[in-house]
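The values are calculated or read from the model by the stated rules, or taken from the named source; none is laboratory data. Please read these numbers as outputs of a predicted model, since none were measured by experiment. Every residue, glycine as well, gets a Cβ built from its backbone with ideal geometry; the counts of neighbours run over all protein chains shown.
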Amino acid sequence: MTRSILGIMGGSGFYDLPGFEKPEWKTVTSPWGEPSDQILHAEVDGLPIRFLPRHGRGHRIPPSAINYRANIDALKRAGVTDLVSISACGSFREEFPPGHFVLPDQFIDRTFAREKSFFGTGLVAHVSLADPVSPGLVDEVEKAMKAETIPGSRGGSYLVMEGPQFSTRAESHLYRAWGCAVIGMTNLPEAKLAREAEICYATVAMVTDFDCWHEEHAHVDVTSVIRVMTGNTAMAQRLVLRLAKNFPRQHPACPIGSDRALDHALITAPAARDPKLVAKLDAVAGRVLRPS
């Protein structure tokens with residue numbers, strides 16, 4: 001079995017991992033451009049941890065400007081087998097109030113200004129995204145959430161909007177009518193790219209507000225979001241520490257094959273593949289591109 005290396009993608013308000021062992025920020029270069037920040041290498045009881053703040057320390061990068069490909073590629077180069085994405089989100093359900101954590105099992109993509117694949121002209125590939133999160137990883141996150149008595153729920157669709165503006169009221173009512181559970185700006189194309197990189201992926205959606213559909217709550221404003229975010233971040237740090245302490249030290253096979261997503265995904269014939277693109281894919285797809 002492969003040794004587990006747990007990756008954590010820190011969202012809004014989550015820029016560091018205090019209290020972890022042997023912390024060291026390291027630069028990881030990527031052929032896909034600059035990642036959001038250096039990657040924090042740390043340990044918990046011998047388990048390697050790799051932490052990347054999605055917006056950069058100090059929250060420098062807006063959602064649409066994040067280099068998602070460089071981020072996922074850098075984490076892959078850092079050895080990450082399992083990636084937990086921590087994200088601040090709005091809620092479409094009364095039962096998911098601010099301070100509630102949601103573990104989505106589906107995504108709806110409403111973004112339009114982002115690069116969404118490592119593959120393209122010169123090397124075409126199609127991976128399955130029917131089940132975009134890895135259930136075995138979600139099991140581990142859910143156990144940690146319960147152990148820390150963090151209020152939360154499993155299941156539901158996360159709608160990903162472009163941003164950086166929050167929703168109009170009409171949009172909010174539309175997405176609620178679609179049956180969505182939460183809304184955010186970052187988990188796609190992140191989840192898609194993680195699947196292409198054969199990294200098991202799960203999301204922890206930390207509810208900060210009710211978006212703007214709720215008649216008894218004011219429209220979303222940054223001041224109130226930050227206030228809730230501070231408490232959410234403290235809970236998320238506890239969750240990550242508990243997850244790391246109990247995480248399997250050997251990476252178990254993903255029950256839906258997230259960690260072997262490229263087995264039958266490449267379509268372009270070997271002789272027709274672009275050598276430059278193949279070279280850029282050395283980390284993401286090296287397992288299936290290297291001669292056996």
Note on region 130-150: residues of a type outside the set (V, I, T), in contact with a helix residue (DSSP H, G or I) (Cβ under 6 Å, 6 or more places away or on another chain) and surrounded by fewer than 20 Cβ atoms within 10 Å (Cβ to Cβ) are A147, E148
Condition first: crowded, with 21+ Cβ neighbours inside 10 Å, among the β-branched types (V, I, T) and farther than 22 Å from S157 by Cα. Can you find one or more residues in region 100-119 that meet it?
no
I'd like to know if region 55-65 contains one or more residues that are assigned to a helix (DSSP H, G or I), crowded, with 23+ Cβ neighbours inside 10 Å and of a type outside the set (F, W, Y).
no
Listed by first then second residue, the pairs whose first member lies in region 81-110 and is closer than 23 Å to A197 by Cβ, whose partner is surrounded by fewer than 18 Cβ atoms within 10 Å (Cβ to Cβ) and at pLDDT below 95, with beta carbons under 7 Å and at least 6 positions apart or on separate chains, are T81/T2
Working only within region 110-132, note down all residues that are more than 14 Å from the chain's Cα centre (by Cα) and under 23 Å from S172 (Cβ atoms).
R110, T111, F112, A113, R114
What pairs can you find where one residue is in region 208-223 and under 20 Å from L174 (Cβ atoms), the other is at pLDDT below 65 and in a loop (DSSP other than H, G, I, E, B), and their Cβ atoms are less than 7 Å apart, with a gap of 6+ or different chains?
D209/V220; F210/H217; D211/V220; C212/H219; C212/V220
For region 145-194 the number of residues that are among the charged types (D, E, K, R), over 27 Å from R77 (Cα atoms) and in contact (Cβ under 8 Å) with a residue 40 or more places away in the chain is 5
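So in region 189-233, with the set limited to residues that are of a type in the set (D, E, K, R) and surrounded by fewer than 18 Cβ atoms within 10 Å (Cβ to Cβ), which one is modelled with the lowest pLDDT?
Within region 189-233, the subset of a type in the set (D, E, K, R) is 190, 192, 195-196, 198, 209, 211, 215-216, 221, 227.
From the residues that got through so far, the ones that are surrounded by fewer than 18 Cβ atoms within 10 Å (Cβ to Cβ) too are 215-216, 221, 227.
Numbers: E215: 76, E216: 70, D221: 63, R227: 77.
Result: D221.
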Going through (1) farther than 18 Å from A205 by Cα; (2) exposed (fewer than 15 other Cβ atoms within 10 Å of the Cβ); (3) out of contact with any Lys or Arg (no Cβ under 8 Å at 6 or more places or on another chain) one by one, P164 fails only at (1)
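Step by step: first the residues of region 259-292, then only those that are in a helix (DSSP H, G or I), under 28 Å from G136 (Cβ atoms) and without any contact (Cβ under 8 Å) to a residue 24 or more places away in the chain, then the one that is farthest from the chain's Cα centre (by Cα). Which residue is that?
Within region 259-292, the subset in a helix (DSSP H, G or I) is 259-260, 270-272, 275-280, 286-289.
Now narrow it down to the ones that are under 28 Å from G136 (Cβ atoms): 259-260, 286-289.
Then drop every residue that is not without any contact (Cβ under 8 Å) to a residue 24 or more places away in the chain, which leaves 286, 289.
Details: G286: 22, L289: 25 Å.
Among residues in region 259-292 that are in a helix (DSSP H, G or I), under 28 Å from G136 (Cβ atoms) and without any contact (Cβ under 8 Å) to a residue 24 or more places away in the chain, the one farthest from the chain's Cα centre (by Cα) is L289.
Working only within region 181-208, note down all residues that are more than 24 Å from E115 (Cα to Cα) and either assigned to a loop (DSSP other than H, G, I, E, B) or over 20 Å from the mean Cα position of the chain (by Cα) (or both). Full working, then the answer.
Step one: list which residues in region 181-208 are more than 24 Å from E115 (Cα to Cα), which gives 181, 206-208.
The answer is A181, and nothing else.
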Being at pLDDT 95 or above, within 21 Å of K76 (Cβ to Cβ) and more than 18 Å from the chain's Cα centre (by Cα) is the requirement here; does E34 meet it?
no
I need the full set of residues from region 1-12 which are closer than 10 Å to P53 by Cβ and part of a loop (DSSP other than H, G, I, E, B), in order please.
G11, S12
